[in-house]
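K.L.:
Can you read through this structure? Questions will come right after.
The values are calculated or read from the model by the stated rules, or taken from the named source; none is laboratory data. For clarity, every value in this text was computed on a predicted model and none was experimentally measured. For neighbour counting, all protein chains shown are included, and Cβ atoms are generated from backbone atoms with ideal geometry for every residue, glycine included.
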Amino acid sequence: MPILRSLESRVRPGKRQQWGALMREIKGIIDKHGSPLRVLQLQVGGHPGTVISSTRSEDWADLAKRTKALNADAAYQSFLARGAMADVVDAVEIRLANDITSEVGGASGVLQNAQIFQVSSMRILPGKRAKQLEFIKQAREVRKGAGLTSATVLEVVAGDAGMLYLAWAYADIDAWAKERAAGQPKGFADLQQHASSDPQWPYSEGVATRVYTDITNQL
């Protein structure tokens with residue numbers, strides 16, 4: 001099961017250029033050990049200056065192997081020892097998330113070649129995980145039937161507990177805007193109405209919806 005390791009940070013005002021130079025340096029070090037470092041910039045929603053840097057591992061064994069190699073890298077140790085990032089960003093959280101899209105009938109890897117991401121975060125209520133995943137699976141089927149994009153589902157396993165992230169990936173901002181203008185298909189409203197009649201509804205609490213742009217090639 002693929003695993004996404006991410007660091008959410010906030011670039012301090014006036015430090016953007018310095019941050020970019022440091023990210024190019026650390027990316028060159030991390031890229032040597034497998035999954036290239038990817039960087040997303042917040043476009044809409046949330047705190048200004050938010051950026052997310054991430055790497056993807058195929059499974060836990062792959063994550064462990066690359067983590068050991070990176071920790072043993074002298075250039076990486078030197079970078080950490082300098083503490084250069086402490087002057088330009090404020091770290092929010094380091095997370096590990098499993099890509100559990102296969103549990104809702106999808107395939108992993110959809111995020112790899114996209115440029116724009118809409119990410120909705122939710123907190124699963126106690127004992128409601130199975131119910132929430134079934135709802136997501138049914139919603140995917142409704143959207144697929146209407147020719148709309150389906151979300152990749154990420155479950156946090158280290159970080160803020162009980163969180164799911166639904167990430168819709170788009171080739172560009174125009175494709176994202178077109179789907180937003182179209183709205184949800186009628187079948188989705190029917191599905192939601194049916195689910196709300198379940199005595200166990202709601203299954204989760206919505207936290208936030210944010211939009212990110214991949215800026216890796218701008219570093």
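K.L.:
Any chance you could count how many residues in the stretch 13-23 are free of Cβ contacts under 8 Å to residues at least 40 places away in the same chain and either assigned by TED's automatic domain parsing to the domain that holds residue 112 or part of a helix (DSSP H, G or I) (or both)?
P.N.:
3
K.L.:
Moving on to the next point. List every residue pair whose Cβ atoms sit under 6 Å apart, with the two residues 6 or more apart in sequence or on different chains, where the first one lies in the stretch 66-90 and is closer than 20 Å to residue 51 by Cβ and the second, anywhere, is outside any helix (DSSP H, G or I) and of a type in the set (Ser, Thr, Tyr).
P.N.:
89/9
K.L.:
What residue, of 39, 11, 51, 44, is more than 22 Å from residue 152 (Cβ to Cβ) and of a type in the set (Val, Ile, Thr)? Write out each step before concluding.
P.N.:
Values: 39 fails: more than 22 Å from residue 152 (Cβ to Cβ); 51 fails: more than 22 Å from residue 152 (Cβ to Cβ); 44 fails: more than 22 Å from residue 152 (Cβ to Cβ).
None of the other options fit; the residue is 11.
K.L.:
Go through the stretch 95-122 and give me each residue that's modelled with pLDDT of 95 or more and within 12 Å of the chain's Cα centre (by Cα).
P.N.:
95, 96, 97, 98, 99, 116, 117, 118, 119, 120, 121
K.L.:
To continue, here is another question. Restricting to the stretch 24-60, what's the tally of residues that are under 29 Å from residue 177 (Cα atoms) and either of a type in the set (A, V, I, L, M) or assigned to a loop (DSSP other than H, G, I, E, B) (or both)? Write out each step before concluding.
P.N.:
If we filter the stretch 24-60 for residues that are under 29 Å from residue 177 (Cα atoms), which is where we start, we get 36-56.
Next cut, either of a type in the set (A, V, I, L, M) or assigned to a loop (DSSP other than H, G, I, E, B) (or both) only: 36-37, 39-40, 42, 44-49, 51-52.
The qualifying residues number 13.
K.L.:
Next up: For the stretch 160-207, give me the residue count where each residue is among the aliphatic types (A, V, I, L, M) and closer than 17 Å to residue 136 by Cβ. Please lay out each step first, then the result.
P.N.:
Start the filter on the stretch 160-207 by keeping residues that are among the aliphatic types (A, V, I, L, M), which leaves 161, 163-164, 166-167, 169, 171, 173, 175, 177, 181-182, 189, 191, 195, 207.
When the remaining residues are screened for being closer than 17 Å to residue 136 by Cβ, the result is 163-164, 166-167, 169, 189, 191, 195, 207.
The total comes to 9.
K.L.:
State whether one or more residues within the stretch 65-79 are within 22 Å of residue 119 (Cβ to Cβ), in contact with a Ser or Thr (Cβ under 8 Å, 6 or more places away or on another chain) and either buried (at least 17 other Cβ atoms within 10 Å of the Cβ) or not small (Gly, Ala, Ser) (or both).
P.N.:
Let us first name the residues in the stretch 65-79 that are within 22 Å of residue 119 (Cβ to Cβ), namely none.
Among the residues of the stretch 65-79, not one is within 22 Å of residue 119 (Cβ to Cβ), in contact with a Ser or Thr (Cβ under 8 Å, 6 or more places away or on another chain) and either buried (at least 17 other Cβ atoms within 10 Å of the Cβ) or not small (Gly, Ala, Ser) (or both), which makes the answer no.
K.L.:
Here's a follow-up. Of (1) within 30 Å of residue 137 (Cβ to Cβ); (2) touching an Asp or Glu at 6+ places or on another chain (Cβ under 6 Å); (3) not assigned by TED's automatic domain parsing to the domain that holds residue 145, residue 10 satisfies all except one. Which?
P.N.:
Among (1) within 30 Å of residue 137 (Cβ to Cβ); (2) touching an Asp or Glu at 6+ places or on another chain (Cβ under 6 Å); (3) not assigned by TED's automatic domain parsing to the domain that holds residue 145, residue 10 violates only (1).
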